[in-house]
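What follows is a set of notes on a single structure, which appears directly below.
The values are calculated or read from the model by the stated rules, or taken from the named source; none is laboratory data. All values derive from a computational prediction rather than experimental measurement. Note that each Cβ is placed from the backbone with ideal geometry, even for glycine, and that neighbours are counted across all protein chains shown.
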Amino acid sequence: MLNLDLDEDVFAHSVQFNQENNIGLRGHADGSQEEQLTGILGQNMIFHALGLPLMKPEGFDGGVDMRLNGKSIDIKTMGRKVYPKNYYVNNLIASQLKYGVDAYLFCSYNKLSDVLTVCGWIDKDNFKEKANFYREGDIRTRSNGTTFVTKADLYEIENKDLFPVNSLNDIKRLGYPSSA
């Protein structure tokens, strides 16, 4: 897994973007303002690390956050207060599977240390095979014994089931078979 320290300018841009834009417009399980900020931070930190421009208000992106090597990628970021482990899961709201993306890049943002961990990536077809599905209202138990009720149909995939990302070059090669 790759750790990226939060850049102050990226944080300021992300907070302002979040205050001025509502990116949760699916109509169901859209995410709170804080959850949206987590996603914006994750996306902007990846963009910053790759030397790409930070997010701009351009309307709905169709689920595609960036394109690399001819592949469309959705960056998914979960907020935590710990660093992720190999058995931790990443969530994807089931209704997002309809978007025309080729791959998912999963990240975990540590709110206490301001570090984004790039957990790994997976193409959409492998995601559907490896992820576990849970219905809205199911009770999920985390590895620490705490529980939550799913707010929408949901897929979960463990970090160990993702293709590894250990460097920025692994992200830049995303989608190539050699990175698997």
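Figures for the structure shown
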item	result
Those residues of the range 121-169 which are in contact with a Leu (Cβ under 9 Å, 6 or more places away or on another chain), surrounded by 17 or more Cβ atoms within 10 Å (Cβ to Cβ) and of a type in the set (Ser, Thr, Tyr), in sequence order	TYR134, TYR155
Odd one out for THR150 among (1) without any contact (Cβ under 8 Å) to a residue 24 or more places away in the chain; (2) within 29 Å of LEU52 (Cα to Cα)	(2)
Where VAL10 falls short, out of the listed (1) within 14 Å of the chain's Cα centre (by Cα); (2) at pLDDT 95 or above; (3) hydrophobic (A, V, I, L, M, F, W, C)	(1)
Residue check for ASN86: modelled with pLDDT under 95, of a type outside the set (Asp, Glu), over 14 Å from the mean Cα position of the chain (by Cα) and farther than 22 Å from LEU50 by Cβ	no
The lone exception for ASP61 - which of (1) acidic (Asp, Glu); (2) part of a loop (DSSP other than H, G, I, E, B); (3) at pLDDT 95 or above it fails	(3)
The range 112-129, subset more than 25 Å from ASN169 (Cα to Cα) and either assigned to a loop (DSSP other than H, G, I, E, B) or not acidic (Asp, Glu) (or both), residue modelled with the highest pLDDT	LEU112
Residue count, the range 3-21 (criterion: among the aliphatic types (A, V, I, L, M), in contact with a helix residue (DSSP H, G or I) (Cβ under 8 Å, 6 or more places away or on another chain) and either in a helix (DSSP H, G or I) or within 18 Å of GLN36 (Cα to Cα) (or both))	3
Restricting the range 59-116 to residues that are more than 21 Å from PHE17 (Cα to Cα) and hydroxyl-bearing (Ser, Thr, Tyr), the residue that is surrounded by the most Cβ atoms within 10 Å (Cβ to Cβ)	TYR104
